[in-house]
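Right, one structure below, let's go through it.
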Amino acid sequence: MQKSKLPEATAKKLPRWRGFNLQEMFHEEWANKPFNEVDFEWIAELGFNFVRLPMDYRIWTEKSDWTKFKEPALKEVDKAVQYGEKHGIHVQLNFHRGPGFTVNSPKETKSLWDDEETQRVFALHWVHFAKRYKGKTNAQISFNLLNEPADVDAERHKKAMARAIEAVHEADPKRLIICDGRDYGNTPAEELIGLPVAQATRGYGPFQLTHYKASWVNGSDTWNVPDYPTEQWGERWDKKLMWEKQFKHWKELEKKGAGVMVGEFGAFNQTPHKVVMRWMKDLLDMWKEQGWGWALWGFRGGFGFIDSERADVKYEDWKGHKLDREMLKLLQQG
């Protein structure tokens, strides 16, 4: 299959990228292995053009000094960028754990929001990538500075992000930068309007549908079996409510000059498949109407459509893997 030309991208207007998060480097202890070229090949073969690489900075950092980098680990990131170029896939680099903040365990010992030295180191890491990939186009690669910032007000968030943005653009003035919204990606960062960045949101609501029986969510095994449309927190969640609650304010942000995309979405494999499909169709239709790109949390595994281990899916054997053809078709249309 001939790869299609990747669309140009600017901070004011992002393309309608469609793809997946590849999780090989997203946690030093839980997920720390090389990216797999065949994933890029298959993603392109199936008609998608985007991957987001959520990464843990500790993987390429010396334990004794977080300003010293391990070149062998960084070369694995280089390979992923090369795989993207080879197969016509846009590669977005993301710090799922950056110096001073993560949504994962263990928490960082220093705060990106309150510590000047940590802000300097955070920017230092991004400058290294900026210099490393200078010359690559924004059609090929973008930087998503920090996954799901939380527990921070607008002023402190802006200070930390603005410092990193300025440092990146000093090293590579044209590099496309995307910042997740605050409150785990759900609240548009209005404080960043006027800075040369696009923004990314999430598609994980209603949470009791998307994270039913997720082992990392305390109490999720006690929730009622999800349905869709569904009642949650005294409201009926359907396409209209999801727009009003989750995405309308992102359209307002876009009107103010910031490109918008959905950096992660998906539902864990314990939610009934037919429920996931109805919910996912509404989201994909909504985002298509708005011209927003998206990345499913997972190509393979519990949030994906390959080897997802759902008990209520009739899988198709595909290249030695279990393929959820129904979900794939929906994503291809989305």
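Values in this text are rule-based calculations from the coordinates and carry no lab data. What you see is a predicted model; the values in this text were computed from it and never measured. FYI the Cβ positions are ideal-geometry reconstructions off the backbone, even for glycines, and counts take in every protein chain you see.
By its C-alpha gyration tensor, with a ≥ b ≥ c as the square roots of the eigenvalues, how is the range 65-212 shaped: rounded for a/c under 1.5, else prolate for a/b larger than b/c, else oblate?
It comes out rounded by the Cα gyration axes.
For the chain, take the longest principal axis of its alpha carbons; what is the angle in degrees between that and the long axis of helix 273-290, to the nearest 10 within 0 to 90?
So the inclination is approximately 50 degrees.
Can you tell me the mean projection area, over all orientations, of the convex hull of the range 72-150's alpha carbons? Units nm², please.
If you wrap the Cα atoms of the range 72-150 in a convex hull and average its projections, you get 5.9 nm².
Highest GNM mean-square fluctuation, the chain, Cα pairs closer than 10 Å: which of Ala80, Ala139, Ala214?
In this elastic network of the chain, the residue with the biggest mean-square fluctuation among Ala80, Ala139, Ala214 is Ala214.
Mind scanning Lys213/Lys281; Lys240/Lys281; Lys86/Lys288; Lys75/Lys134 and naming the pairs with a C-alpha gap bigger than 19 Å?
Lys213/Lys281; Lys86/Lys288
Could the peptides 108-119, 314-325 be put in order, highest first, of the mean number of other beta-carbon atoms found within 10 Å of their residues?
Peptide ranking by packing, descending: 108-119, 314-325.
Identify which of Glu62, Glu264, Glu37 has the largest mean-square fluctuation in a Gaussian network model of the chain, with springs joining Cα atoms closer than 10 Å.
Comparing Glu62, Glu264, Glu37 in the GNM, the peak value goes to Glu62.
With point charges of +1 on the Cβ of Lys and Arg and -1 on the Cβ of Asp and Glu, referenced to the Cα centre of the range 180-225, which listed residue (Pro206, Trp223, Thr187) lies farthest in the positive direction of the dipole?
Working it through, the farthest residue towards the positive pole turns out to be Trp223.
Under the classification rounded if a/c is under 1.5, otherwise prolate if a/b is larger than b/c and oblate if not, where does the range 239-292 fall, given a ≥ b ≥ c as square roots of the Cα gyration tensor eigenvalues?
Cα axes put the range 239-292 in the prolate bin.
On a 0 to 90 degree scale, rounded to 10, what angle separates helix 116-132 from the longest Cα axis of the chain?
80 degrees
Rounded to the nearest 5, what is the percent of antiparallel bridges among the DSSP beta bridges in the chain?
For the chain, the DSSP antiparallel bridge percentage is about 30.
Give me the net charge of Ser105's neighbourhood, meaning all other residues with Cβ under 11 Å from the Cβ of Ser105; Lys, Arg count +1, Asp, Glu -1.
0
How large is the convex hull of the Cα atoms of the range 1-151 per residue, expressed in Å³ as a whole number?
Cα-based convex hull of the range 1-151, divided per residue, equals 121 Å³.
Mind listing P(r) for the range 1-58? All alpha-carbon pairs, 10 Å bins, whole percents.
21, 41, 31, 7
If each residue's Cβ is checked for other Cβ atoms within 10 Å, how do Val225, Val51, Val152 rank with the fewest at the top?
Val225, Val152, Val51
Can you tell me the FRET efficiency between Glu316 and Lys255 if r is taken as the Cβ-Cβ distance and R0 is 51 Å, rounded to the nearest 0.05?
0.75
Where the only charges are on Cβ atoms (+1 Lys, Arg; -1 Asp, Glu), what is the dipole of the chain about its Cα centre, to the nearest 20 debye?
Magnitude of the dipole: close to 940 debye.
With contacts defined as alpha carbon pairs under 8 Å and 6 or more residues apart, what's the relative contact order of the chain in percent?
On the way: 628 pairs, mean separation 58.7, N = 334.
Rounded, it is 18 percent for the chain.
Mind sorting Phe20, Phe50 by how few other Cβ atoms lie within 10 Å of their own Cβ, fewest first?
Phe50, Phe20
Report the far tail of the P(r) of the range 183-306, meaning the percent of Cα-Cα pairs longer than 27 Å.
Details: 1430 of 7626 pairs.
Summing the P(r) tail past 27 Å for the range 183-306 gives 19 percent.
At 222 nm, what value in deg cm²/dmol follows for the chain if DSSP H runs of at least 4 each add -39500 (n - 2.57) and the sum is divided by all its residues, to the nearest 500?
After summing the helix terms and dividing by residue count, I get -9500 deg cm²/dmol.
Along the charge dipole of the chain, which of Pro196, Gly98, Met242 sits closest to the positive end, that is, farthest toward it, with unit charges on the beta carbon of Lys, Arg, Asp and Glu (+1, +1, -1, -1)?
Pro196
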